[in-house]
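Take a look at the structure set out below.
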Amino acid sequence: MTKGKVTGVVGNLVTVEVNGPVGQNEICYILLGTTKLMAEVIKIIGNIAYAQVYESTRGLKVGTEVEFTGHMLEVELGPGLLSKNFDGLESDLDKKEGVFLKRGEYTDPLDKENKFTFNPIAKVGDTVKASDWLGSVKEGWVDHKIMVPFKLEGKYTVKSIVAAGDYGIYDTIAVLADDKGNEEKVTMTQKWPVKKAIKNYKEKPRPSKIMETGVRVIDIFNPMAEGGTGFIPGPFGCGKTVLQHAISKNAEADIIIFAACGERANEVVEIFTEFPELVDPRTGRKLMERTLIICNTSNMPVAAREASVYTAMTIGEYYRQMGLKVLLLADSTSRWAQALREMSNRLEELPGQDAFPMDLTSIISSFYSRAGMVYLNNGNTGSVTFIGTVSPAGGNLKEPVTESTKKAARCFYALQQARADSKRYPAVDPIDSYSKYLEYPEMQEYFKNNISDKWVDLVLDAKNWVLRGKETKDQIDILGDDGVPVDYHIVFWKAELIDFILMQQDAFDAIDSITPLKRQKYMLELVMEVCGIDFKFEAFEEVAPYFKELINTFKQMNYSEFPSENFDKYEKQVREFVDSRRVK
Amino acid sequence: MQGTAFQKIYTKINKITKATCTLTAEGIGNEELAFVDGKPAQVVKLEGNEVTLQVFQGTEGIATNAEVVFTGKPPVLKVSEDLAGRFFNAYGDPIDGGPAIEGEEREIGGPSVNPVRRKQPSELIKTGIAGIDMNNTLVTGQKIPFFADPDQPYNQVMANVALRAEADKIILGGMGLSNDDYLYFKQLFDNAGALDKIISFINTTDDPSVERLLVPDMALTAAEYFAVDKNEKVLVLLTDMTLYADALAIVSNKMDQIPSKDSMPGSLYSDLAKIYEKAVQFPAGGSITIIAVTTLNGGDITHAIPDNTGYITEGQLFLRKDTDVNKVIVDPFRSLSRLKQLVIGKKTREDHPQVMNTAVRLYNDASNAKTKRDNGFDLSDYDERCIQFASDYSVKLLAIDVNIDVDEMLDTTWDLFGKYFKPTEVSIKQNLMDKYWKGN
């Protein structure tokens, strides 16, 4: 292997003089005393390699020896990843000793001693290729497929495969042979470079199914598709993280991967603390059993922050290849972009807008394009749905990360300061936000067959009310309460009804925080029925108090179990109250 | 802190800029502490045998033949119980005339806490200020800044919070503190009889600005000693972080780095996060809570410093003069404590979350009504009642001179609800209304 010596240090960028061939993005280790610091080559000029160190470079001296590994940053994939907490380089955080993180301590992602009960799927003599299922083990409740390593190219024949039984993760469970008779031993684990997409599937069609999140403003107004992409930009304090946590708690996914990328440590601690207690409303199991956390908080080394989103995506693709629905959440992709900026700056590259690297847009879009629903080679489907948050500087959406992401993601959940200030949570802007999936014919077909044939019309109608509400509000603000017809007030308050009852949701209320699609349908239909009614008011002063009371009763419905006596009681109240003002 | 025997002394500097000097030396470690002509300096760049040093006090008067001594280690702080009650400069040397501290040397700016070894913060910090305790409850292990214009009394409020917070140790990191403010803190702590639990690291406006880059790390190294080794509850006060960030910008500019937004270095977010993320609740009971001050320019929070700070800290506290009642209040709209959810309604009374939200919503209705009035429109009866509620709420609860218990804050708010509103207008969950509603 190639070796080298450190010739310079500035921040976490080191220059290394090498004595042999070295590859772009190759991983090397800097031998600082008894510790090894991992670094990635990001530029090469002649025999000088520039490497970003995934650790603090304090005390590093010129002349320190460097060992190259010959491969890019890889993660280990196999049964036992779920429920774990990793850092950006896939070190198991729970295996690290002491309260403080020690530099150069890399721990195994998988538990070496673990044994799993293996059930073969493939038979001796079968022809297989990369990613085909050889067998499966139970990882908790997940059918974890043991696959032909993704790195193998071409066709192989199964020469032997073990019988059902308990095996260690590094035991050989199958032997494959290529057409020349070269043999490959397969264990339950394999490695894959994080910056390369796993592409062993038949095709990646357009998304055609809704990914239910339990968040009304998303499911009803801006639906996310299974295998879709979306992003949540918003100034600080608008509830990006709360919204993402709400999605992760309720989403209809088999696996949730949470990449905490350059954000607050206490937010991750919240997941560590709450998820083992919270129950997945769909399966009745603990949320932690389907969750995996990649955690590179803001005070952890910057370069590893960039790696963390790729690590998360690669693990997501791995589970997708088993035919599972994976939801990947990254908070926040702006921190990742900032890590890119810091490095580009140290490399003295010519900067683009706001000193971000020029290729920011292409880096972001190629990352988002790794999401999607796929048909695997065996006909099954699997998907990675990706939702990232963006933290725009100063809350201004005209900044490079937001703009680049807008080009790549199909759903846009803009969080608005004004809504957050008036505590209208989730503060998703009802007018600027969009989901392109609502326009997909495939998706419309799905809504028609699975929810109701009027669903899309009803949603568009509700959106239109909200827009009209805003327009009339502008008129009222200009002309005054008594300067406009009473009807204007009614339109405005109908829009408020939609806002308060359907768009706003209490993320901290046990019942309101989770709204299954069936309940959303019921509420949307009821609210829209009320919006369609003609009300009779003598003067504008009567409108606001009436609707406030109506909204209050509707809210009690949202806080009640569905279905329940209480719920019916409040619905009855709503109906009676509506009838009292209905134009006969 | 000068060099010991056998240390090599360099006497040839190749390059001098305003903040840095470069010389040829071997075997030097990155971030190592050195002395140039007796002035403290730190290694910031190694390129072959060329070593670039950042001289904290500036390079004025340094000649090319100045003596350069390397200490072989990064900046350290000596820690022991003796730190309590003492005042230090940015290098951790006493400035109160007392003896030097004997104790274990700790590298400053040490490693981060493993996230899985943290405990979720869950202990309420009582300040008596309703604008904080009721609307923006603080929790041990939290990090939160005051966002305030320079003319607002943030240091006074912060000092009050510190003294009421029942912390085992209070560590003050003063950056660019005016001498008057420094003496204010000193006297206040002295008068409160709390001096023995206070440790101060002070860089005043008289001191070189780049020196203040060491202050937060010094303060937090001391904090970690008390929180980890002694399991104490430590409150760290950092004022003013804007001046800290300005010093960062000066250094990065001198190092020829490409500035990003507002002439700040591209690494500002990570630099600030390294400091603020030292706030932590340890499972063994010790904790570090950070209350900082970020001064604003004309209330502009989109500037890179408050903006990046807001993304790192767990909320922010805004002070504002309420001209209707002529009092400084904790602004209920722009202030936020992200960790309040962990304690309100759990460590405090069950009605706390809803009462808080409702009061803020009604206060918001009042401000809409005021806008309406200012634009010359007639106000409805509801608008009038909102405005009356708002001024009562401002005086009795939001003002920074309030000092009452949380239950009393909630009771007072229920009184106001009952006085001005109908049950349907407050729109609170029925079971809470049944229990606490005081109106008709």
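Any read-out appearing in this document is the output of simple, stated calculations on the displayed coordinates, not a laboratory observation. Computed from a predicted model, the values in this text were never measured in an experiment. Heads up, the Cβs are rebuilt from the backbone with ideal geometry, glycines too, and the neighbour counts pull from every protein chain shown.
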If one compares the long axis through the Cα atoms of helix B:154-164 with the longest principal axis of the Cα atoms of chain B, the angle in degrees, nearest 10, works out at 80
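For segment B:9-70, what class follows from the C-alpha gyration tensor (a ≥ b ≥ c being the square roots of its eigenvalues): rounded when a/c is under 1.5, otherwise prolate if a/b is larger than b/c, else oblate?
Values: a/c = 1.45, a/b = 1.31, b/c = 1.11.
It is rounded, given that a/c, with a ≥ b ≥ c, falls under 1.5.
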Classify the protein assembly as shown: rounded, prolate or oblate, from the alpha-carbon gyration tensor (a ≥ b ≥ c, eigenvalue square roots; a/c under 1.5 rounded; otherwise prolate if a/b is larger than b/c)?
oblate
Measuring from a point 7 Å past the Cα of A:K406 along Cα-to-C-beta, which residues in segment A:351-378 have an amide N at less than 20 Å?
A:352-369
Summing +1 per Lys or Arg and -1 per Asp or Glu among the other residues with Cβ less than 10 Å from A:L77's Cβ gives -3
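With only Lys, Arg, Asp and Glu charged, each at its Cβ (+1 for the first two, -1 for the last two), find how big the charge dipole of the protein assembly as shown is about the Cα centre; round to the nearest 20 debye. Provide the component values of the computation, followed by the final result.
Values: 118 positive and 146 negative charges, 467 e Å.
That gives a dipole near 2240 debye.
Order the peptides A:261-271, B:335-345 from the highest to the lowest mean number of other Cβ atoms within 10 Å of their residues. Before the final figure, lay out each step's value.
On the way: A:261-271: 25.1, B:335-345: 22.6.
Answer by packing, highest mean first, reads A:261-271, B:335-345.
Tally Lys/Arg at +1 and Asp/Glu at -1 over every other residue whose Cβ is under 9 Å from the Cβ of A:I431; what's the total? Please list the in-between numbers first.
Details: positive: A:K463, A:K470; negative: A:D429, A:D432.
That sum, taken over residues with Cβ under 9 Å, equals 0.
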Just going by the charge dipole of segment A:244-386, with Lys and Arg at +1 and Asp and Glu at -1 on Cβ, which of A:L328, A:N299, A:S344 is farthest out on the positive end?
A:L328
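With r as the distance between the Cβ atoms of A:D568 and A:E542 and R0 = 30 Å, compute the FRET efficiency 1/(1 + (r/R0)^6) and round to 0.05. Intermediate results must be reported in sequence, preceding the final value.
Details: r = 28 Å, r/R0 = 0.93.
Efficiency for this residue pair is about 0.60.
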From the residues A:G63, A:Y546, A:Q505, which one has its Cα farthest along the dipole of chain A in the positive direction, the dipole being from +1 and -1 charges on Cβ of Lys/Arg and Asp/Glu about the Cα centre?
A:G63
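Tally Lys/Arg at +1 and Asp/Glu at -1 over every other residue whose Cβ is under 12 Å from the Cβ of B:R338; what's the total?
Numbers: positive: A:K240, A:R264, B:K143, B:K340; negative: A:E263, A:E267, A:E270, B:E314.
Spelling it out: positives minus negatives among the neighbours equals 0.
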Taking square-rooted eigenvalues a ≥ b ≥ c of the alpha carbon gyration tensor, is segment A:3-73 rounded, prolate or oblate, where a/c under 1.5 means rounded and, failing that, a/b exceeding b/c means prolate?
rounded
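Please report the relative contact order for chain B, taking Cα pairs under 8 Å with a sequence separation of at least 6, and give it as a percent rounded to a whole number. Working shown, then result.
On the way: 886 pairs, mean separation 70.8, N = 440.
Once divided by the residue count of chain B, the mean separation gives 16 percent.
Could you work out the relative contact order of chain A, using alpha carbon pairs under 8 angstrom and six or more residues apart, expressed as a whole percent?
Values: 1213 pairs, mean separation 70.7, N = 584.
It rounds to 12 percent for chain A.
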Which of these, B:N114, B:N89, B:N65, has the largest mean-square fluctuation under a Gaussian network model of chain B (Cα springs below 10 Å)?
B:N114
Which one of B:Y363, B:Y420, B:Y244 has the biggest mean-square fluctuation once chain B is modelled by GNM with Cα springs under 10 Å?
B:Y420
What does the structure give for A:249-259 when I average, per residue, the other chain Cβ atoms found within 10 Å of the residue Cβ?
0
What distance in nm separates the simple spin-label points at A:T273 and B:D190, each placed 7 Å from Cα in the Cβ direction?
4.0
Determine, at each q value in 0.06, 0.10, 0.11, 0.13 (inverse angstroms), the log₁₀ of I(q)/I(0) that the Debye formula gives when each Cα of chain A is one equal point scatterer.
-0.37, -0.91, -1.06, -1.35
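Considering just Cα atoms, how many Å³ per residue does the convex hull of segment A:108-191 enclose? Present the calculation step by step, with values, prior to reporting the outcome.
On the way: hull volume 7.2 nm³, N = 84.
Expressed per residue, the convex hull around the Cα atoms of segment A:108-191 is 86 Å³.
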Under the definition of partner shielding as Cβ atoms of other protein chains within 10 Å of a residue Cβ, what is the mean value for peptide B:27-34?
5
Determine, for each peptide in A:315-322, A:564-571, A:409-416, the mean count of other beta carbons within 10 angstrom over its residues, then list the peptides with the highest first.
A:315-322, A:409-416, A:564-571
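Taking R0 as 25 Å, what FRET efficiency do you get between A:E65 and B:E47 from their Cβ-Cβ distance, rounded to the nearest 0.05? Show your work: numbers first, answer last.
Numbers: r = 18 Å, r/R0 = 0.73.
About 0.85, to the nearest 0.05.
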Quick check for me: using +1 on Lys/Arg Cβ and -1 on Asp/Glu Cβ, what's the dipole size of segment A:518-581 about its Cα centre, in debye to the nearest 20?
300
With -39,500 (n - 2.57) per DSSP H segment of 4 or more residues and division by the full residue count of chain A, the 222 nm estimate, nearest 500 deg cm²/dmol, is -9500 deg cm²/dmol
For chain B, the charge dipole (Cβ of Lys, Arg +1; Cβ of Asp, Glu -1; about the Cα centre) points to a positive end, and the Cα of B:Y276, B:V406, B:G48 closest to that extreme belongs to B:V406
Highest-fluctuation residue, B:D322, B:D374, B:D405 considered, GNM on chain B with Cα pairs under 10 Å:
B:D374
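Determine the percent antiparallel among the DSSP beta bridges restricted to chain B, to the nearest 5.
Numbers: 40 of 70 bridges.
Of the beta bridges lying entirely in chain B, close to 55 percent run antiparallel.
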Could you work out how far apart the two model spin labels at A:D487 and B:E60 are, taking each label as a point 7 Å from the Cα in the direction of the beta carbon, and quote it in nm?
7.5
Over all directions, average the projected area of the Cα convex hull of segment B:53-194 and note it in nm².
12.8
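Taking each residue of A:79-88 in turn, how many C-beta atoms of other protein chains fall within 10 Å of its C-beta, and what is the average? Present the calculation step by step, with values, prior to reporting the outcome.
Numbers: counts 0, 0, 0, 0, 0, 1, 3, 0, 3, 0.
The per-residue average across the peptide is 1.
When ranked by the protection proxy of mean other Cβ atoms within 10 Å per residue, highest first, what sequence do the peptides B:23-31, B:429-437 form?
Working: B:23-31: 18.2, B:429-437: 14.2.
Descending packing order for the listed peptides: B:23-31, B:429-437.
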Per the 1/(1 + (r/R0)^6) rule, R0 = 41 Å and r from the Cβ atoms of A:R206 and B:S122, FRET efficiency to 0.05 is 0.35
As an exercise, take the mean of 1/r over every pair of distinct alpha carbons in chain B, invert it, and state the Kirkwood radius in angstroms.
23.7
For segment A:216-435, averaging the sequence separation of alpha carbon pairs under 8 Å that lie six or more residues apart and dividing by its residue count, the contact order in percent is 33
Quick check for me: using +1 on Lys/Arg Cβ and -1 on Asp/Glu Cβ, what's the dipole size of chain A about its Cα centre, in debye to the nearest 20?
1240
If I fit a long axis through the Cα atoms of helix A:543-559 and take the longest principal axis of the Cα atoms of chain A, what angle between them do I get, 0 to 90°, rounded to 10?
40
Simple label model, 7 Å out from Cα along Cβ direction - B:A100 to B:D434, nm:
7.1
